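A.B. asks: One structure is given below, represented as structure tokens, and several questions about it will come after.
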Amino acid sequence: MAPGVRRYDPERRQRIIDAAIRVVAAKGIAGLSHRSAAAEADVPLGSTTYHFKTLDDLLVAALRQACGAFAPAVAVRDGEDLAGALARLLGETLSADRGPAELEYELYLAALRRPALRPVAADWCESVAAALEPWTDPVTARALVAVMDGISLQVLLTDTGYDEPYAREILSRVLRRPG
């Protein structure tokens, strides 16, 4: 290729996002930089700054992808109530391979210090609540998301095993209507 001629690479942006996710999974958000993403993606450093002007831009893209891959498909099986279905879904998410859940929550919690990530985190919460609305009202759906996040964080942060009967009981309590 002649000097100064760019090679067309339509997948480069996606490779950089995938690389950023791998870096965060391996080293945490503190280990992510344009340079580390470029090295992991095997692209020139200038490619990362061309596609993502700031590190927050790259983190937003990574969080969107991680949340998209992690978005739960709420499926209630025959003979199963909503609390049971959600407890089962949490169990599948918090299984022996916690890597995807840890990655998603690391990116999700980065919104505490990085305001650019907050709209993505909010969109994720809203999408999960919307997925629950066929079974419950919007307020209860948001409460269920909050409870599921709390249970997930407790399991991930304390390195304890997931207790599905406990989760089902707590979720059932949220679903009970007063009176």
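The values are calculated or read from the model by the stated rules, or taken from the named source; none is laboratory data. Predicted model, so just to flag it, every value in this text is computed and none were measured. Neighbour counts are summed over all protein chains in view; Cβ atoms, including those assigned to glycine, are modelled from backbone coordinates with ideal geometry. Calculation scope for accessible area: heavy atoms of the full protein, side chains included, ligands and nucleic acids excluded. Shrake-Rupley method; radii C 1.70, N 1.55, O 1.52, S 1.80 Å.
A.B. asks: Could you pull out the residue among LEU171, LEU103, LEU82 that is closer than 30 Å to VAL23 by Cα, crowded, with 18+ Cβ neighbours inside 10 Å and in contact (Cβ under 8 Å) with a residue 60 or more places away in the chain?
C.D. replies: Testing whether each residue is closer than 30 Å to VAL23 by Cα, crowded, with 18+ Cβ neighbours inside 10 Å and in contact (Cβ under 8 Å) with a residue 60 or more places away in the chain leaves just LEU103.
A.B. asks: Which residue is farthest from GLU102 (Cα to Cα), if the candidates are limited to the range 126-148 and must be open to solvent by less than 50 Å² (accessible area, probe 1.4 Å) and free of Cβ contacts under 8 Å to residues at least 24 places away in the same chain?
C.D. replies: Going through the qualifying residues, I end up with ASP137.
A.B. asks: Among the residues of the range 40-55, what is the count of those that are outside any loop (DSSP other than H, G, I, E, B), open to solvent by 30 Å² or more (accessible area, probe 1.4 Å) and closer than 12 Å to ARG15 by Cβ?
C.D. replies: Residues meeting the conditions: 2.
A.B. asks: Let me ask you something else. Would the range 74-93 turn up any residue that is in contact with a helix residue (DSSP H, G or I) (Cβ under 7 Å, 6 or more places away or on another chain), outside any loop (DSSP other than H, G, I, E, B), of a type outside the set (D, E, K, R) and modelled with pLDDT under 90?
C.D. replies: Yes - at least one qualifying residue is present in the range 74-93.
A.B. asks: Which pairs have Cβ atoms under 9 Å, sit 6 or more apart or on different chains, and link a residue in the range 9-34 that is polar (S, T, N, Q) to one that is buried (at least 16 other Cβ atoms within 10 Å of the Cβ)?
C.D. replies: GLN14/GLN65; SER33/VAL23; SER33/THR48; SER33/LEU55
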